[in-house]
Amino acid sequence: MIIIVVLNDKEKIDQLTNNCYDLLIMIEKFNEIIYLIVFIAHFLGFGIYAYQMIINNKKFRAKFEMDETATPIMRMIGASFLGSLLMALYIMFVRPGGVEGTWAFFNLVFVQNLSIFIVNTYSIKIDKTGVKNDSNEGVIAPLVFTILSAVLIYGLSDKIYP
């Protein structure tokens, strides 16, 4: 009975059709749904880290046994995550061409992810200065972000490069 009522409501059918059309356009902008999912996963991770470093850094500091003097530098790093997240949201929802011609953004994100991975691996596994926690998150998370960003560059290369 409810299905019949919903299907008879032309306005709701039009809205559903438009939403499906918008989703198909978004999938097309990202070549395939897999690259859209990778994009969302990558930048959702950036959003989580931005939140943890800017807003909820007390819990983050406790997890890695850092004192409150780390707060300003954590917020600065969190702001970098936030900036990339905002740019990703702009590309995904606002920018008329979507990912077309955005090679500089994707390459910058890849190089930043790779740099963080290399520096963290050295700091946590080799140098160990100031490391009080044996968590591998500081190595694994940037490695995952690096792989995701490499997959995005490969999968979107026909669109991001002019």
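The values are calculated or read from the model by the stated rules, or taken from the named source; none is laboratory data. These numbers come from a predicted model, not from an experiment. Using ideal geometry, Cβ is built from the backbone for each residue, glycine included, and neighbour counts are taken over all protein chains shown.
Data overview
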{"quantity": "From ALA70, ALA88, residue being farther than 21 Å from GLU28 by Cβ and not hydroxyl-bearing (Ser, Thr, Tyr)", "calculated": "ALA70"}
{"quantity": "VAL94 surrounded by fewer than 16 Cβ atoms within 10 Å (Cβ to Cβ), of a type outside the set (S, T, N, Q), at pLDDT below 90 and over 30 Å from ILE124 (Cα atoms)", "calculated": "no"}
{"quantity": "Some residue of the stretch 39-48 being modelled with pLDDT under 95 and surrounded by 12 or more Cβ atoms within 10 Å (Cβ to Cβ)", "calculated": "no"}
{"quantity": "SER123 being of a type in the set (S, T, N, Q) and free of Cβ contacts under 8 Å to residues at least 12 places away in the same chain", "calculated": "no"}
{"quantity": "Cβ pairs under 6 Å, 6+ apart, first in the stretch 15-38 and within 12 Å of MET92 (Cβ to Cβ) and at pLDDT 90 or above, second not in a helix (DSSP H, G or I) and not aliphatic (A, V, I, L, M)", "calculated": "LEU36/PHE30"}
{"quantity": "Leading residue by the ranking (surrounded by the most Cβ atoms within 10 Å (Cβ to Cβ)) among those in the stretch 99-123 that are of a type outside the set (Gly, Ala, Ser) and part of a loop (DSSP other than H, G, I, E, B)", "calculated": "VAL99"}
{"quantity": "Every residue from the stretch 50-83 that is of a type in the set (S, T, N, Q), surrounded by fewer than 16 Cβ atoms within 10 Å (Cβ to Cβ) and within 22 Å of the chain's Cα centre (by Cα)", "calculated": "ASN56, SER80"}
